[in-house]
Structure formats: C-alpha cells, structure tokens
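Taken together, the values in this text are just the output of simple stated rules run on the coordinates, not laboratory data. Since this is a predicted model, take the numbers as computed values, not measurements. A quick note on method: Cβ atoms are made from the backbone with ideal geometry, for glycine too, and the neighbour counts reach across all protein chains shown.
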Amino acid sequence: MDPQGADAAPDNRQQTPASDGERVNRIRVVQACLDKVQNRTYLEIGVSTGSCFSKIRASTKYAVDPEFKIPERRRRDTEKLADKTSYFEVTSDAFFASNRGLLESSRIGVALVDGLHTYKQSLHDVLNILPYLDDDGFIVMHDCRPRFASEARPAANHGEFMRTGKWWEIAWTGDVWKAVVELRATRSDLRVAVLDCDCGVGIIRRGKPDDMLALKPEAIAAMTYQDLVKDKQHLLNLRKPDYFWSFLL
Ligand SMILES: C[S@@+](CC[C@H](N)C(=O)[O-])C[C@H]1O[C@@H](n2cnc3c(N)ncnc32)[C@H](O)[C@@H]1O
C-alpha cells in the first residue's frame, strides 16, 4: 500500500524522536535507520512510483521492481539524494540471483521489503537480504498489519487480488504478516517487531529476541486472518509507533 500523507523524511542526520506516534511511517523509519548505520547503502524491494524511494537520502540506493512506475522528474529528484542510484527492473529473486558480486562488495545498511505481498515471497526477500546485511543493519517490512480481512486476502499477485475481490477493495497487504510470524518463530538471532502505523511497519535487526513463538512453519502456513485478529499483539510483537525510537538505540 502507498497511503497518502506519508511524510517525507527529514534531511538532518540527527533524528529527533517524534512525540506524536502518528508521524512514524515507513519512510521515517527507513531514514532514521540509515542515519544510524555505518554503511548508508539502501535497497528497496518493490518501488512502484517511488513515493518512498525518492525521499530517501543514502550514499548508494538500489531500486528493485519488475515494473517501475517512477515519473521521469521524480527519478531526477531522487538521484540528487544519493551519490549513486541504480535501478534493477526485475523481480527480487532475479535481482539476488544475478547481483551476488555487487551485493558482496557493497553490502546493505538498510533494506525495505515492499515487493510481492505474499507470505512466502516477503519471507524469501528477508532471507535473501540477510547474508548481505551489515551487523548494525536494519530490514524494514511494509504492510505487516492488515486492518481488514479483505486487505489480508492471499493472492498470487496484485492483479489477481484486484480481479478476485470487490471493486472498492484496493488496499492489499496480503499475508505478509505471516512472514513476521515465521521470523518470530524460527530466528533466535533476530529481533523482530511491528509498529502499529502505516499498515504495519515491520522492523528487524540482529540480536537476541525477547521472546519467540512456539509455532512450526506448517502451522503458520495454515493460519488465517482470524487467527491474527485473536492474538495480533503477541504474534507480531505489535508495538506503538514510538517504540521504534528505543528499538533503534
Ligand atoms: C506497494 S508497491 C511498493 C511501494 C513502495 N515501496 C513505496 O513505499 O512507495 C509494490 C511493488 O512491488 C512490485 N513487485 C511485485 N512483485 C515483485 C517482485 N517479485 N519483486 C520485486 N518487486 C515486486 C510491484 O511492481 C509494485 O510496484
């Protein structure tokens, strides 16, 4: 999803924690993470029109999307915010398969996972990033907290989602939330939480988690949106937006 009104990231490197939790969104989260890490190399998986990508300041920016929709003028403005910007018009899987050398040499400071909104692909994107993520790096995931069953409806892709639902159901988070649940159940080396803002902003960094979920991947695969509704705080480690500032420390 690309909600209207997502604030542009401020361009100062010293972030002031937002006192109003509503101001936290994926763009601010990505920028604050980049302003914290040593290696300011940014990867965005799923870029679309560039509403987020175009506002991010970094040393190097990599954009990955099988179908960019970035207006030419926005592309020019985007490139002013980085020393180097590269576009890869391919799926995330194809990007990782053919850019190992590049990723090994540049490594990744911060990545945003916001491509295909399926459980398996979003999980795969996180797992593909991890070998290249610096020790102090962050992965941000968008659309981790669906607000309605319709938004969370699993589909193979956005086109199928649009074809198979009601015409007014245009927001699609899919079942990305299950990737968060699986990471919380299987990775004892990652701290994972979801900020309750901007359709659910997942935040991931290396470290020992406070708790883990006692769930097997097969059980997670069988879960439904109703299971999420019953236990979303625990399943997602769902936090108020301002939690981000302590996670960042
Ligand atoms: C919700 S949009 C991204 C929005 C953008 N990150 C932002 O914050 O403004 C999702 C994008 O993912 C792209 N996408 C779909 N399948 C993908 C895949 N397998 N790999 C990478 N990107 C994919 C779509 O083309 C679409 O542009």
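Descriptive notes on the structure:
- Added length on full extension, which subtracts the Cα-Cα distance from 0.36 nm per residue, residue 248 to residue 156: 29.8 nm
- Over the chain, dividing the summed -39,500 (n - 2.57) contributions of all DSSP H runs of at least 4 residues by the number of residues returns a 222 nm mean residue ellipticity of -8500 deg cm²/dmol.
- Compared with the direct C-alpha span, the chain from residue 98 to residue 59 gains 11.8 nm at full extension, assuming 0.36 nm per residue.
- Lysine pairs in the chain with Cα atoms under 15 Å, if 8 or more residues apart or on separate chains: 10
- By the count of other C-beta atoms within 10 Å, a proxy for reagent exposure, 104, 79 are ordered fewest to most as 104, 79.
- Kirkwood hydrodynamic radius over Cα pairs of the range 152-249, then Stokes diffusion coefficient at 10 °C and 1.306 mPa s, in µm²/s: 109 µm²/s
- If you plug the beta carbon distance of residue 211 and residue 72 into 1/(1 + (r/R0)^6) with R0 = 51 Å, you get a FRET efficiency near 0.60.
- Ranked 168, 245, 177, criterion: other C-beta atoms within 10 Å, fewest first: 168, 245, 177
- Globularity ratio of the chain, using Cα Rg and 2.2 N^0.38 Å: 0.94
- The residues 122, 59, when put in order of fewest to most other Cβ atoms within 10 Å, stand as 59, 122.
- Label-to-label distance, nm, for residues given as residue 222 and residue 83 (7 Å Cα→Cβ offset): 5.2 nm
- FRET efficiency for residue 229 and residue 189, using Cβ-Cβ distance with R0 set to 30 Å, rounded to 0.05: 0.55
- Taking every C-alpha pair closer than 8 Å and separated by at least 6 residues, the mean separation divided by the residue count of the chain gives a relative contact order of 18 percent.
- Spin-label model, residue 90 to residue 38: label points 7 Å out along the Cα-to-beta-carbon direction sit 2.9 nm apart.
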